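Q: Take a look at this one; I'll ask things after.
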Amino acid sequence: MIDSLAAFVKERRKKAKLSQEEFALRTGVALTVVRKIEQGKGNLNLEKVNHVLSMFGHELAPVNKQEINKKKHEEREDLL
């Protein structure tokens, strides 16, 4: 997921022909936040990520990992 986020943000920023610094200013986050996202770093602040994604009309929502695993397990059982 993080790698996909990194690629998405970097690609969109470059299409907009913005440097990381310009992009950070436009999104209202610190340059270090943009760099962390584009480098695929973990432990990102969801609110800050959403500030960045809002530039492209997107946002992330918190996900409960246990619910995802439960859903996957149920889908596998349905296949049997």
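The values are calculated or read from the model by the stated rules, or taken from the named source; none is laboratory data. What you see is a predicted model, and the numbers here were worked out from it, not measured in a lab. Don't worry about glycine lacking a Cβ; one is built from the backbone with ideal geometry, like all the others, and counts go over all protein chains shown. Accessible surface areas use protein heavy atoms only, side chains included; no ligands, DNA or RNA. Shrake-Rupley method; radii C 1.70, N 1.55, O 1.52, S 1.80 Å.
Q: Condition (residue is surrounded by fewer than 12 Cβ atoms within 10 Å (Cβ to Cβ) and modelled with pLDDT of 85 or more) applied to the range 58-76: is it met by at least one residue? Walk me through how you get there before you give the answer.
A: Step one: of the range 58-76, the residues surrounded by fewer than 12 Cβ atoms within 10 Å (Cβ to Cβ) are 61-76.
Subsequent filtering for residues that are modelled with pLDDT of 85 or more retains none.
No, that holds for no residue.
Q: Follow-up. For the range 13-57, which helices (runs of 4 or more DSSP H) that fit wholly inside it have 1 or more residues that are in contact with a Gly (Cβ under 7 Å, 6 or more places away or on another chain) and open to solvent by 50 Å² or more (accessible area, probe 1.4 Å)?
A: Ranges flagged: 46-54.
Q: Of the residues that make up the range 30-40, is at least one at pLDDT below 95, on the phi > 0 side of the Ramachandran plot and within 11 Å of the chain's Cα centre (by Cα)?
A: Checked the range 30-40: at least one residue is at pLDDT below 95, on the phi > 0 side of the Ramachandran plot and within 11 Å of the chain's Cα centre (by Cα).
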